[in-house]
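Below is one structure, written out as structure tokens, with a few remarks after it.
The values are calculated or read from the model by the stated rules, or taken from the named source; none is laboratory data. What you are looking at is a predicted structure, and each value in this text was computed from that prediction instead of being measured. We place every Cβ from the backbone using ideal geometry, glycine too, and count neighbours over all the protein chains shown. Please note that ligands, DNA and RNA were not included when accessible areas were found on the heavy atoms of the full protein model with its side chains. Shrake-Rupley method; radii C 1.70, N 1.55, O 1.52, S 1.80 Å.
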Amino acid sequence: MKPGESYRHLTILFDYPQDKVGLLASAEALAGCLAANHPQADIAPFVEYLRASELGELQEEYVRTFDFNPLCAPYLSHHLYGDNNKKGAFMIRLKELYRQHAFTPRTCELPDHVAILFDCAAHLVAKGEIDMCRDLVKTFVSEGLGTMHTAAADKDDLHWRYPIAAAVILSEAECREVHHA
């Protein structure tokens, strides 16, 4: 998988499900990459869950996992700062980074939503801004995503725990790698 493609697939997996075919295609592509490069991040059970579920069921679990469960909230500043002034500064820094790098989120989510952050990472890689992508992930994604992973890891009823774990592993790995455009 080319640098940044994993971020594009993670964007789709962490966005609210609106298209089962696209969601499944991204999960399958990511599963193939993980099997070849990061076997400890197996998302095959998630792929099987997607295949067996209707779109409405996927949407219900997404809401149950991310919207009704504060421990898995997709807003990473929530995991880092809760509701204090540092959260506001974090959001302002993100919006400024997006502006500086000509990134426009495709949805109206808050700038710290994990899908928006992965979409920005993919955007930066596509522009050849690998070091900036690495900095984005290290500064704005890793710690909050790690907290989300800790909350979801032992929850057998949360199918999204597989992509959360995979996102942690892929983000850490891609931050360590030096990509050449």
Accessible area expressed per residue, the range 1-58, with surrounding protein chains retained (probe 1.4 Å, Å²) | 48 Å²
Determine the gain in length on full extension of the stretch Q59-Q18; use 0.36 nm per residue of separation and subtract their C-alpha separation, reporting nm with one decimal.
-> 14.0 nm
Order these peptides, 91-99, 157-165, by their mean beta-carbon neighbour count within 10 angstrom, highest first.
-> 157-165, 91-99
Quick calc: nm separation of the 7 Å Cα→Cβ label points for D42 and A89 -> 4.4 nm
Most mobile of N85, N37, N69 per a Gaussian network model of the chain (Cα springs, under 10 Å)?
-> N85
Take the alpha carbon atoms of the range 1-60, find their center, do the same for the range 102-181, and report the distance between the two centers in whole angstrom.
-> 14 Å
Around E60, with a cut-off of 11 angstrom between Cβ atoms, what is the net charge of the other residues, counting Lys and Arg +1 and Asp and Glu -1?
-> -3
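Could you sort out which of K95/K138; K20/K87; K20/K127; K87/K138 sit more than 23 Å apart by Cα distance in this structure?
On the way: K95/K138 16 Å; K20/K87 33 Å; K20/K127 29 Å; K87/K138 17 Å.
Too far apart for the 23 Å limit: K20/K87; K20/K127.
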Carbon and sulfur atoms: what percent of the 1.4 Å accessible area of the range 58-181 do they account for?
-> 53 percent
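What is the diffusion coefficient of the range 121-171 in µm²/s, taking the Kirkwood radius over Cα pairs and the Stokes-Einstein relation at 20 °C with a viscosity of 1.002 mPa s? Write down the numbers at each step before the final one.
Values: Rh = 11.7 Å.
Calculated translational D: 183 µm²/s.
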In whole µm²/s, the translational diffusion coefficient that Stokes-Einstein assigns to the chain, given a Kirkwood hydrodynamic radius over C-alpha pairs, 20 °C and 1.002 mPa s, equals 131 µm²/s
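Given 37 °C and 0.692 mPa s, compute D for the range 75-114 with the Stokes-Einstein relation, Rh being the Kirkwood radius over Cα pairs; round to the nearest whole µm²/s. Present the calculation step by step, with values, prior to reporting the outcome.
On the way: Rh = 10.5 Å.
Using the Kirkwood radius from Cα pairs, D works out to 312 µm²/s.
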Mind checking the full-extension length gain between N69 and T104? Use 0.36 nm per residue of separation minus the Cα-Cα distance, one decimal, nm.
-> 9.8 nm
Rounded to whole Hz and in sequence order, give me ³J(HN,Hα) for the range 9-25 from the Karplus expression 6.51 cos²θ - 1.76 cosθ + 1.60, θ = phi - 60°, writing x for Gly and Pro.
-> 5, 5, 4, 5, 5, 9, 8, 4, x, 10, 9, 4, 4, x, 4, 5, 4
Distance in nm between pseudo-label sites at D131 and R51 (7 Å out along the Cβ direction from Cα) | 4.4 nm
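Which of the peptides 107-117, 41-51 is most tightly packed, and how do the rest follow, judged by the mean count of other Cβ atoms within 10 Å per residue? The partial results should precede the final answer.
Working: 107-117: 20.3, 41-51: 17.4.
Per-residue Cβ counts within 10 Å, averaged per peptide and sorted highest first, yield 107-117, 41-51.
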